[in-house]
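Asks: One structure, as structure tokens, below. Some questions next.
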Amino acid sequence: MRGRPNYLAGFGSLIWLFVVGLPLYVLLVATFQSRADYAANGPLAFPERFTLDNYVNDLDQGFAQYFLNTVVVTVAVVGIVLLLVPPLSYAIVRSDGKATGRVFRLFLLGLAIPSQAVIVPMFYLINEAGLYDNLLGVVLPTAAFAMPVCTLILSGVMRDITPELYEAMTVDGATPWRIFLQLVLPLSKSGLSTVVVFSSLQAWNGFLFPLVLTQSSENKVITMGLYDFQTEHGVDIPGLLAAVVLSMLPILLVYLFARRALVQGLMGVGGK
Amino acid sequence: MALSLAACGGSGDSAGGGSDEIHVLVYGDATNKVEKQLVDTFNKTSKVKAVLDTIPGADYQSKLQTIISGKQAPDVFFNWGGGSIKPYVDAGLLMPLDDFIAKDPGLKSRFLPSVFDTAVVDGKPYGIPMRGTQPVLLFSNKKVLADAGVTAPRSWDELLTTVKALKAKGVTPIALGGGDKWPTQMWFQYIYDRVAGPEHFQKAVDGDKSVWASADSKKALGMLKELIDAGGFGTNYDSVKFTDGGSPALLATGKAAFELMGSWEYSTLQDAYPDFVKNDLGYGTFPTVEGGKGAPDNLAGNTNNYYSVLKTTKHPEAVAAFLKLMYSDQFVKGQLGIGNLPTTTNTQQFLDGSASPAYSTYQYDLVKKAPHFQLSWDQAFPPAATTTIYQAVQQFFNGQTGPDAFIAAMQNLPAA
Amino acid sequence: MTTAAVPTVDSTDKSVRRGRSSRSSTGVGRPGFAWAAPAAAFFGLFALVPLVLVVVLSFTRWNGLGSPEFVGLDNWSRLLDDPVMVKSLWLSLFLTVLGVVVQTPISILLGVWAAGRQRNRAVLSAVYFVPLLLSITAVSVLWRAVLDPNFGVPSEATWLFGDGNLFGTQAGAIGVLVFVSTWQFTPLHTLIYQGAARAVPQVLYQAAQIDGAGTVRQFFHITLPQLRNSIVTSMVLMVVGGLTTFDTVLILTQGGPGNDTTNSAYYMYQKAFKSFDFGAASAIALLLVLVATLVSLAMVRLTGYDKMRSTMEGV
């Protein structure tokens, strides 16, 4: 194939490595020094006096709790999406009723509804439901807004199951329920993993819903912890950056141990 | 629909609905530990328990407005007095505190009058001072000043010459966290007060738009422009923030000579640069302006913070008992201990126990002798005006707009 | 959709297939509407009901206290006269287009490069992926610190950044926003292209090599056309993401300097939660939905992405 080394591409890739790497270097180095050292030595200097205080302080200030909250939200969002989207996608692909077609177009429309657009009434609804400052109040809208993309991805994958397979099972007298469990789900594994990756990223990165719908520190998620850190402890850049590092640790672990699944899942966002 | 739902539900809610609780909502920051102690003290003796809720920093005002008329509303909440509570008074949400004061005159008489008056709206008191007063002061790096052979300026003209000397030395004369916008606004507050006097701004808040186009207004803008053009703030101030530590770091590391900032600058610097505070930190008042209409002793900044009470509270007696603590010895000592400066009449006797006695005493004397304490513009106007004010001051500073556009923008503000 | 009811000569193929399949399996074997109902109800409650309420609110004046007051088209006429609103819409479009123009070539090149199976490429790709592990909030916070004019990278590289006033000028602030989004989202789009590039049949390249085509020609004549579908998907994602950029603006520039980076999404947030003008905010929100819908529809039409629906009919 394209055997000989491509020097131009190699050079370009090194430039990009620099672009990606420099801020990550600044990030790491800053977290291991005191505020005064960081201000005095600049962002590029290697720490003279190595310290873990920034991490210790962050954990003392409740970051462990924020982690837990974020994990709860993420698991719940993924759970709801996995419960609702596969049957929906199955119906979209296999139902011959007009109603499901309309539902599909509704979800396509949903792709174009930015979550910002509905934040005001969302606040009103969640508040009226007594879910303000409650993690469930963040979970429900986050799951709803993750659904259109997930539906698109999953119905795309299910559409690739050849009609003959369906027909074969139907001839055997299988109910939709059996077809769903024995045929559709096993053959949609790749799509399902994409859906899991996508919806958990949505939940993990969620910003606007937690910003508007929660307030107390017991219900803070990591993104809010970071945001509030910036305004509350204004002056502490190394502490803030240590919080950034902490916030990425769980996903980094997932990445290290399940890189293949994560990468495959994300490739799936772009279609097969 | 909303009302009936709110009236029926709520028994299971954590906030607002508890039958033997009062919810106290405060701005979330380092002061919370003193508030927590106070709540604990209160709960030791009270049958109705106080619950402390916090909303962190920047979003306090927006969160407050979204929950205050719903069933998540607190019983007592933190505010800045003035315009920050005016919309709630207008909407009939707040309880006038006359009855409380009639039963316990100390709720009024134990506070400095000028401070107490900031939370009087339409002739009725709506707030009891809490936390402390936060005048804006001109902080300096004494070492940088000495190296350039200058001293802290007493008058505006001196400031201009000092700026020249510092620039010649290659130092940014004044650190400004323009990215936050409210530090920029501090310069307007002071210069308008010095040049046009406090009545001028009061008229504007009361709805007289013509004052913005007055000769004094234009003079104040001209003086600011001169300072900006002289390079007083350097060139990249809009990329600097106070809230991410940028501007205090400039001062502490000697890259800048001055910073105009609220009194909290001291504790901010103390946290990050204790050596600098011990050896080289200077502080003083805003320079005087010759021929100006405002008294040279006038101050600007956050007059104080206040607790206001919602009409809907089910436990007014408990709330009154809680507010009584705001002039207790424990409260004053606790606030002083973390660097805040309460404005009770008994503050003076505890100043020695302050985190930094000299600094606290200096401030207390300033506030006590100030003929007028100008509340920050963004707090004197209702919250809805803040965005417009911030944009106007920033655009004037960076030269995007001239005085006429600034005047027009201020004339378009909603009246308080 | 109605072809079955009005059979014409042209659509015989479709209606025949449709007729056959429904005869063979109506009732048995096919999921009914009940399978879609829970998801539809959930989505309706948490996305469509709020959207309807936005429409209602856009005709009212409401500051969050008391009840909304009906004011007819007042918000709309004020908005259309509002120079900031118009500016913010253009800014949203500009940021989006700029984002697409910057990110697409970088992602395609990196993606095609990473599709190669060499060991060094795999290692570098793993590093490139890291920005995607950070939340948008974390990325914004990080870059704000890295780009601080006095204590960040600009102070060490004045030859490149001058006085470092990146957040104080419109060009600088827009540049930062576009750059930061590129930094974070390039890995995602790179992955999309990497997957697609690996799926290009190798015979095409072998044939081209026999014809004597070089790497560059192969790239333009084989790789790029084969990536067409991925380009569309990636661009749709960029456009929808770009139009609704919010977190980065809030944390990096707060819409400043002045209102120079106040895009529509941020302007809406500002109107709602800073100025407490929920009516006007709702009108802006609807404009945003409208623009996003139109743009997505246009892209779908222009690119034939909607052939999905016809495959559905064919099933």
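Asks: Straight-line reach from B:LYS143: which aspartates and glutamates have a Cα under 15 Å away, not including same-chain ones fewer than 8 places off?
Replies: B:GLU259, B:ASP275, B:ASP280
Asks: To continue, here is another question. Let me check against my output: what whole-number percent is the relative contact order of the range B:196-269, with C-alpha pairs under 8 Å and at least 6 apart?
Replies: 15
Asks: Also, quick follow-up: Over the range A:62-269, what portion of Cα pair distances is larger than 25 Å, expressed as a whole percent? Please report the intermediate quantities before stating the final value.
Replies: Numbers: 10046 of 21528 pairs.
Distances greater than 25 Å cover 47 percent of the Cα pairs.
Asks: For chain C, modelled as a GNM with alpha-carbon contacts under 10 angstrom, which of C:VAL146, C:VAL295, C:VAL84 fluctuates the most?
Replies: Maximum fluctuation in the GNM of chain C, among the listed residues, is at C:VAL146.
Asks: Tell me which aspartates and glutamates have Cα within less than 19 Å of B:LYS333's Cα, excluding those fewer than 8 residues away on the same chain?
Replies: B:ASP29, B:GLU35, B:ASP40, B:ASP352, B:ASP365
Asks: So for the range B:203-353, what are the equivalent ellipsoid semi-axes in whole Å, largest first, each being the square root of 5 times an eigenvalue of the Cα gyration tensor?
Replies: Values: eigenvalues 235, 138, 50 Å².
Values for the range B:203-353, descending: 34, 26, 16 Å.
Asks: A follow-up question, please. Would you mind pulling out the separation of the Cα centroids of the range A:107-145 and the range B:90-111, in Å?
Replies: 39
Asks: Taking every pair of Cα atoms in the protein assembly as shown, average 1/r, invert it to obtain the Kirkwood radius, and report Rg/Rh to two decimals.
Replies: Details: Rg = 30.7 Å, Rh = 30.8 Å.
Answer for the protein assembly as shown: 1.00.
Asks: OK, next. Looking at this model, which pairs from A:LYS220/B:LYS63; B:LYS167/B:LYS225; A:LYS220/B:LYS181; B:LYS314/C:LYS274 are more than 20 angstrom apart at the alpha-carbon?
Replies: The pairs that break the limit, which is 20 Å between Cα atoms, are A:LYS220/B:LYS181; B:LYS314/C:LYS274.
Asks: With +1 on each Lys and Arg Cβ and -1 on each Asp and Glu Cβ, how big is the dipole of the range C:91-314 about its Cα centre, in debye rounded to the nearest 20?
Replies: 680
Asks: Over 24 Å apart: what share of the alpha carbon pairs of the range B:73-227 falls there, rounded to a whole percent?
Replies: 53
Asks: Moving to a separate point now. Going through the cross-link list B:LYS219/B:LYS293; B:LYS47/B:LYS124; B:LYS142/B:LYS293; B:LYS86/C:LYS271; B:LYS209/B:LYS241; B:LYS218/B:LYS293, which pairs have a Cα-Cα distance over 23 Å in this structure?
Replies: Beyond 23 Å between Cα atoms: B:LYS47/B:LYS124; B:LYS142/B:LYS293; B:LYS209/B:LYS241.
Asks: Can you give the log10 of the normalised intensity I(q)/I(0) at q = 0.13, 0.16, 0.19, 0.24 Å⁻¹, computed with Debye over equal Cα scatterers of the range B:280-360?
Replies: For the range B:280-360, the Cα-only Debye profile gives -0.62, -0.81, -0.96, -1.15.
Asks: Take every Cα-Cα distance within chain B, group them into 10 Å bins from 0 onward, and report for each bin the whole-number percent of pairs it holds.
Replies: All Cα pairs considered, the percentages come to 4, 22, 31, 25, 13, 4, 1, 0.
Asks: Any idea how far apart A:GLU48 and B:VAL120 come out in nm if each label point goes 7 Å out from Cα toward Cβ?
Replies: Placing both labels 7 Å beyond Cα along the Cβ direction yields 5.6 nm.
Asks: Considering chain C as a Gaussian network with a 10 Å cut-off on Cα pairs, which listed residue, C:TYR266, C:TYR205, C:TYR128, attains the greatest mean-square fluctuation?
Replies: C:TYR205
Asks: Using only the alpha carbon atoms of chain C, find the Kirkwood hydrodynamic radius as the inverse mean reciprocal pair distance, in angstroms to one decimal.
Replies: 23.6
Asks: Based on C-alpha coordinates, I'd like the Rg and Dmax of the range A:17-71, in Å.
Replies: 13.6, 37
Asks: While we're on this one: Report the gain in length on full extension from C:ASP163 to C:PHE219: 0.36 nm times residue separation, minus Cα-Cα distance, nm rounded to one decimal.
Replies: Residue separation times 0.36 nm, minus the Cα-Cα distance, leaves 16.1 nm.
Asks: Ok, one more. For chain A, modelled as a GNM with alpha-carbon contacts under 10 angstrom, which of A:GLY79, A:GLY21, A:GLY110 fluctuates the most?
Replies: Comparing A:GLY79, A:GLY21, A:GLY110 in the GNM, the peak value goes to A:GLY21.
Any read-out appearing in this document is the output of simple, stated calculations on the displayed coordinates, not a laboratory observation. Computed from a predicted structure; not experimentally measured. No Cβ is skipped: glycine too gets one built from the backbone with ideal geometry, and neighbour counts run over all protein chains shown.
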